[in-house]
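Step one of this worksheet: look at the structure below.
The values are calculated or read from the model by the stated rules, or taken from the named source; none is laboratory data. The structure presented is a predicted model; accordingly, all values stated were derived computationally and were not measured. As a convention, Cβ positions derive from the backbone with ideal geometry for all residues, glycine included, and neighbour counts pool all protein chains shown. For the accessible areas, the whole protein counts, side chains as well, though only heavy atoms, and no ligand, DNA or RNA atoms are used. Shrake-Rupley method; radii C 1.70, N 1.55, O 1.52, S 1.80 Å.
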Amino acid sequence: MQYYCSWVVKDFAPGGPANGTVIPSFNDHVARLLWLGTEDRGVLKCHSREKICRNLASWHTKMSEEAYNRLKGSWLAQLSMPMLPHIDAPLISAFVERWQPDANSFLLPFGEMTIMLHDVWYILRIPIEGHLFDDQSSIDALKGHVAELFGMPVGNLTGGPDSGESHWAGGGVSITSIDYFCRRRQPTRCDETQLTGWLFLLMGRTLFVNKSGNKIRPRDIGSATLAYLYRQLGTASRYNCLGIAGCLTLLQCWIYEYFPCFRQHRERHVIGPGYPRSMLWNVRCEDKSTARLQSIRRRLDMLQASEVDWMPYRTDPSKDVPRTLMVGCIRCRDIVEPYIPDRSLRQLGRVQVVLMDILAPEFAMKPGTLAWRNFPYSTVLHFQNYDVAMDPGKSALDYLLWYTHYSHPRLLRDSQTSSHHGGPDRSDTEQ
């Protein structure tokens, strides 16, 4: 594929891998420019919709009794509550700079880590099991559904001299229109309309946030949330991208769970059993300066495996979420992303070993969902093949040497971190 070969690593890449077979796209990555010192794009614009989440919670309580009761007690009714009121843009930006879309993992000084399906379950408490969201409905079909929801002819959605305001543009439906036709319960609008409109906003403004601002594109839930976030992380890791979308609450809470040094020093909320762990974090608005981003970069370059809380949920995650052991692809409509848990074995309580294989971009783009359908019969990660990590964060003797050769463990040149980093070249948790 011509576009792929144009930026593939063919020789030694300064600041990057000596061998480009594992992360071939490094030459197009923001980390390369940061290492060379030629460009710093600064703090990313984080697209989140905190105000919409607050409005959703208010809307839910003001529904008709019948509509309210249909949602009451379900995970859907609580989904708007776990979204963080403040997104830490410098923290998110620093981790995006470590994301490698070739492996769908964060590259840190001591190895790879990633967001897994069990993280989605613990942090957000949304269903993981079920069919992959691979609906391929056309735009015309989606317009038909929205027109029926709004109670108008399809032709009136896009506005015009006779229909007035446009309710659909750029492949999405207007938030204002959903609010007007669904939230303000007119005599011609039924409970089903309220519920459908609420769900439209819920999915588009919490799990599948995009950069369209005031437009919603219909999507689904489950593993699709993770596939969508993977894709957004991959896009944002390119040097010419200035923003990131997706479920940033999931990403920020994942950082809090695994990296105590980046948690805000505030008392946590008390939550009951079964509640989303994102509700634990009592967050405030942080400094969004480039100086703070640079400080986080240096801290990440100093980070050691012993500073990571490798098992934050204090249980074997595969027992609560068996699907987290699947090896294959996850999907959100036309987005297909590799899911490779064996690249982050330490997050499953196992010793990390060398793993060479990745799913190359040309294969990852194909709509393969066979692994998901066949689970757990032929696509499961077999734990018996890996040693239990008696001490959290253990890796095999040859892992760090291999990892250094095939990746970029640090983001900044030695001269930029020498005064801050006094740790050994080898990880302190190698076996």
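Some notes on this structure:
- Spans of helices (runs of 4 or more DSSP H) in the stretch 22-103 with at least 3 residues open to solvent by less than 60 Å² (accessible area, probe 1.4 Å), at pLDDT 85 or above and under 30 Å from Thr290 (Cα atoms): 30-36, 89-96
- Given (1) over 18 Å from Phe106 (Cα atoms); (2) surrounded by fewer than 20 Cβ atoms within 10 Å (Cβ to Cβ); (3) at pLDDT below 70, index of the condition Asp334 fails: (3)
- Lys319 of a type in the set (Lys, Arg) and at pLDDT 80 or above: yes
- Extreme residue, most open to solvent (accessible area, probe 1.4 Å), among residues of the stretch 303-316 that are modelled with pLDDT under 95 and not β-branched (Val, Ile, Thr): Arg314
- Evaluating Asp357 against the criteria (1) touching a helix residue (DSSP H, G or I) at 6+ places or on another chain (Cβ under 7 Å); (2) at pLDDT below 95; (3) closer than 23 Å to Ser25 by Cα leaves one unmet condition, (1).
- Residue tally, condition hydroxyl-bearing (Ser, Thr, Tyr) and touching a Phe, Trp or Tyr at 6+ places or on another chain (Cβ under 9 Å), over the stretch 279-302: 0
- Screening Ala389 on (1) at pLDDT 70 or above; (2) in contact with a Cys (Cβ under 7 Å, 6 or more places away or on another chain) shows it passes everything except condition (2).
- Those helices (runs of 4 or more DSSP H) of the stretch 155-237 in which at least 1 residues are open to solvent by 40 Å² or more (accessible area, probe 1.4 Å) and modelled with pLDDT of 80 or more, considering only elements entirely within it, cover 223-236.
- Per-region count, the stretch 104-129, residues farther than 20 Å from Ala224 by Cα, in contact with a strand residue (DSSP E or B) (Cβ under 8 Å, 6 or more places away or on another chain) and in a strand (DSSP E or B): 3
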